[in-house]
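> Structure provided below as structure tokens; questions to follow.
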Amino acid sequence: MTVGVLFKDEPEPAREFVAEAGATWPSLVDPDGAHARAWKVIAPPQTFFVDRAGTVREVQIGQIRDATEMDRLLATILP
């Protein structure tokens, strides 16, 4: 499951960007940064790869460049 968190972004422009990018996952607003602090976000964009048991297997800081990189990262959590 994928969930986006809008961190340090105004909600409406961020939602417009998500829609234009064709993202289909839900996006939550983190107005006070509580979720970012809980997950120890360093800088957006940051992607957490969490396995089915809830263990963080990989953290990608910065943009994921291409499908090859995404496949490599997903391999850390998929059987």
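No lab work stands behind these numbers, since they all come straight from the coordinates. None of these values were measured; they are calculated from a predicted model. Methodologically, a virtual Cβ is constructed for each residue, glycine included, from the backbone with ideal geometry; neighbour enumeration extends over all protein chains shown.
> Apply the a/c threshold of 1.5 to the C-alpha gyration tensor of the stretch 1-40 and tell me whether it is rounded, prolate or oblate.
It is oblate, given that a/c is not under 1.5 and a/b is not larger than b/c.
> Of the labelled options (1) 150; (2) 90; (3) 102, which one gives volume of the Cα convex hull per residue in Å³ as computed for this structure?
It is the one labelled (3).
> Can you compute the modelled spin-label distance between Met70 and Thr24, with each label point 7 Å from Cα toward Cβ, in nm?
Taking the two extended label points, one gets 1.2 nm.
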